[in-house]
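Some notes on the structure that comes next.
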Amino acid sequence: MRYSQIFLPTLKETPAEAEVISHRLMLRAGFMRKLTSGVYSYLPYGLAAIRRVEQIVREEMNRAGAQELLMPMVQPADLWKETGRYEKYGPELLRFKDRHDRESCLGPTHEEVITDIIRRELHSYRDLPVNLYQIQTKFRDEIRPRFGLMRGREFIMKDAYSFDVSDEQAETSYMKMYEAYKRIFSRCGLTFRAVQADSGAIGGNFSHEFMVLAKTGEDTIVVCTACEYAANMEKAEVKTAGPGSTEEMAALKKTETPGKRKVDAVCEFLGIEAARLVKTMVYMADGNPVAVLVRGDREVEEVKLKNLLKVADVDLADDKQAFDATGVPTGYLGPVGSAIRLVADQEVMLMRNFVTGANEKNHHLLNVNPGRDFQAEAVADLRKITTDDACPVCGGRLELTEGIEVGHIFKLGTSYSEKMQAVFQDKDGLEKPFVMGCYGIGVSRVVAAAIEQNHDENGIIFPVPLAPYKAVILNLDPKDEKITEAAESLYAELSLAGMDVLLDDRDERPGAKFKDADLLGMPFRITVGKKFASGGIVELRNRKTGESTEMLLDQLKVELLAKIADATVN
RNA sequence: CGGGGCGUAGCGCAGCCUGGUUAGCGCGCCUGCCUUGGGAGCAGGAGGCCGCAGGUUCGAAUCCUGCCGCCCCGACCA
């Protein structure tokens, strides 16, 4: 492609709307332009990068035995009502009515549609397993779109769905995807970790998120420094903290704590550590109040709570909700004589003689002991893990790091197939629901993550497999016949050899060409200029290493053609 | 949904508080000259319903009200 022909509007200045580096660079490098909040047009250069990712995804999905199809973006509400998600999905699902007043929605995901296809077409165990995928635009009406392509409302996603006869076979399908995903992200040149994720009601270790490690990530992940363990913060299991206190139980005692509601204030007033206090948090679990006990210096992990209670949603109660449920103002809530359901973090049960609210305004209780003074309906791991906790697998030291979720694989089981009556006949003639799995990759987000991980102060540094063009040839003086002829012949030969090359043939000053070349981030830059006119010398520069070598034109041709043959470039 | 900020030329901004010439500046764009190894220089030029609607006023980019859009932060640790 010739730079003089391509639609590639680069920007010298950074638009004010862009916060994170990938967003800034993508705007400056002419990848995309915003149409409205969280919705972008992909311009040729950005689209080319997206296509690179798609191609890798296709190759690896096909290699893993999946087949591509394409499903509609507009979906009838009826289908969503079958699984109950039309009501449950929440405002992220964009709903609308067509001219006949039929309720419809824009697909944020396609479990319903794919399950509908399969239940109509497949009826025998002989047809299984099957894994179908698509690369398609999704729409989710995000509460707050941000960071450009990182969290848009409209985005390109690869989603795959597997159908199997049994849990065992579904797990095999799952593992195939796990391996395929590792290959995909490795081929994209990304530094990533596969982490155990929240698998919700399904349980088991059949949900992994693929996280690109980058500071701007929206998720926190826990990584063991000693072993392979890595998990999403939401899922990271806290090991039970030892045998527990052996202190003698002291007599329960009520004490006045006027106006002291927060943990810090109570602790300071009573002269104790937060670790000697147990706080009582009221949550609304699908609308019903539940009190949760955790140590004063700990934080409740809402996802763990949600899973324990087997509810769709938990939300910290506001002051009014908490008061309505308990009759006690927040700050003085406690487990002793609690008016509502009570669940406790496992750590609390190991403590002795701690402080809690007294269920009475301006009062706390001293020397509270579990078992003697209160019973919890359930005891479980309910708190957020910290770096002070040990690795749940090997006991090693943990580190927290930020990650960008680029892929998620999930064993669904039979929840969708049962609700939608998607069944097949097994060997014995029995009707069984399909065992399903789903596997997503945020294709457009992969591009953003790649830039987030690969850039410098001058611009993008594309991992070779994602680069829209592998090299840019700078013709520094299009008016000079010798220089132009050399640049053109090089462009022609490399193109003929199958290399994607950009020829900067614009009538611009050299400085502008160098700056654009750096910004656009193509792996190699070849400069044909004054030194060629005088001595036949051209320069080959590596964008990533900054390494630059001067050589004769013919030498350079040999060198690059060798790289192409080696497949190090394509 | 709550809080904050912003909307003035394609982009980045000033002007608004304290109403009053022809609404400015930088970048970009067009024409010409000149220049050609890190976003040059000179000269000329095009481009604005000052987000939209209403109000106050002799007079509104500027003050008031409403609406729309965009960005950022937060969404509750008792």
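What follows draws every value from the coordinates through simple rules; no lab data is involved. No experiment lies behind these values; they were computed from the predicted model shown. Every residue, glycine among them, receives a Cβ derived from its backbone with ideal geometry; neighbour counts consider all protein chains shown.
Side notes on the structure shown:
- q = 0.19, 0.27 Å⁻¹, region A:79-161: log10 I(q)/I(0) [Debye, one scatterer per Cα]: -0.98, -1.34
- Counting all C-alpha pairs of region A:30-86, share separated by more than 15 Å (%): 70 percent
- Euclidean distance between Cα centres, region A:504-570 to region A:60-139, Å: 47 Å
- Debye equation applied to the C-alpha atoms of region A:37-129, log10 I(q)/I(0) at 0.12 Å⁻¹: -0.60
- Computed from the Cβ-Cβ distance with R0 of 41 Å, the FRET efficiency linking A:SER489 to A:SER186 stands at 0.65.
- Counted over region A:253-380, the DSSP beta bridges are approximately 65% antiparallel.
- Over region A:15-172, the fraction of Cα-Cα pairs per 5 Å bin, rounded to whole percents and listed from the shortest bin up, is 2, 8, 14, 16, 17, 15, 13, 9, 5, 2, 0, 0.
- Net length gained if the chain between A:THR220 and A:ARG126 were fully extended (0.36 nm per residue, minus Cα distance): 29.6 nm
- Residue-span extension gain [A:ALA378 to A:GLU402] - 0.36 nm each, minus C-alpha spacing: 5.5 nm
- Alpha-carbon centroid distance for the pair region A:202-275 / region A:383-453, whole angstrom: 24 Å
- Sequence-distant contacts, meaning Cα pairs under 8 Å at least 6 residues apart, place the relative contact order of chain A at 16 percent.
- Reduced Cα scattering model of region A:191-302, Debye log10 I(q)/I(0), q = 0.14, 0.16 Å⁻¹: -0.87, -1.00
- Rounded to the nearest whole Hz, the Karplus-based 3J(HN,Hα) values (6.51 cos²θ - 1.76 cosθ + 1.60, θ = phi - 60°) of region A:25-38 follow the sequence 5, 5, 6, 5, 8, x, 6, 7, 9, 7, 9, 7, 3, x, with x at glycine and proline.
- Rg(Cα) / (2.2 N^0.38 Å) computed for region A:1-65, rounded to two decimals: 1.35
- GluC sites (Glu not before Pro) lying in DSSP loop within region A:401-497, provided at most 15 other Cβ fall within 10 Å: A:GLU457
- Under the combined filter of DSSP loop state and at most 14 neighbouring Cβ atoms within 10 Å, region A:22-94 retains these GluC sites (Glu not before Pro): A:GLU92.
- Percent of beta bridges antiparallel (DSSP, region A:469-566, rounded to nearest 5): 50 percent
- Averaging 1/r over every pair of different alpha carbons in region A:525-570 and inverting the result gives a Kirkwood radius of 11.1 Å.
- Near A:CYS188, no amide H atom lies under 5 Å from its own; only residues 5 or more places off or on other chains count, and H is placed 1.01 Å from N.
- One chain, two ends: A:ALA565 and A:GLN421. Fully extended at 0.36 nm per residue, the span grows by 46.6 nm beyond their Cα-Cα distance.
- Geometric extent, Cα atoms of region A:348-395 - Rg, Dmax (angstrom): 14.4, 45
- Two-site label geometry, A:ALA16 and A:ALA77: point separation in nm, points 7 Å out along Cα→Cβ: 4.0 nm
- Here r is the Cβ-Cβ distance between A:ARG58 and A:ASP264 and R0 is 41 Å; the resulting FRET efficiency, rounded to 0.05, is 0.15.
- Shown here: chain A, whose C-alpha atoms stretch 97, 66, 50 Å along the first, second and third principal axes, sorted largest to smallest.
- Beta bridges from DSSP with both residues in chain A: antiparallel share about 80 percent, rounded to the nearest 5.
- Range of Cα positions in region A:469-566 per principal axis (Å), largest first: 34, 27, 22
- Note: region A:253-380, Cα convex hull, 87 Å³ per residue.
- Solution diffusion estimate, µm²/s, Stokes-Einstein, region A:400-477, Kirkwood Rh from C-alpha pairs, 4 °C, viscosity 1.567 mPa s: 76 µm²/s
- Sorted ascending by nearby beta carbons within 10 Å, beginning with the fewest, A:LYS88, A:LYS176, A:LYS158 become A:LYS88, A:LYS176, A:LYS158.
- The trypsin sites (Lys or Arg not before Pro) of region A:434-531 that meet both conditions, a loop assignment by DSSP and at most 14 other Cβ atoms within 10 Å of the site Cβ, are A:LYS479.
- Efficiency of FRET from Cβ geometry, A:GLU299 and A:GLU247, R₀ 22 Å, rounded to 0.05: 0.35
- Summed over all non-identical Cα pairs, the Kirkwood treatment of region A:488-527 gives a radius of 11.1 Å.
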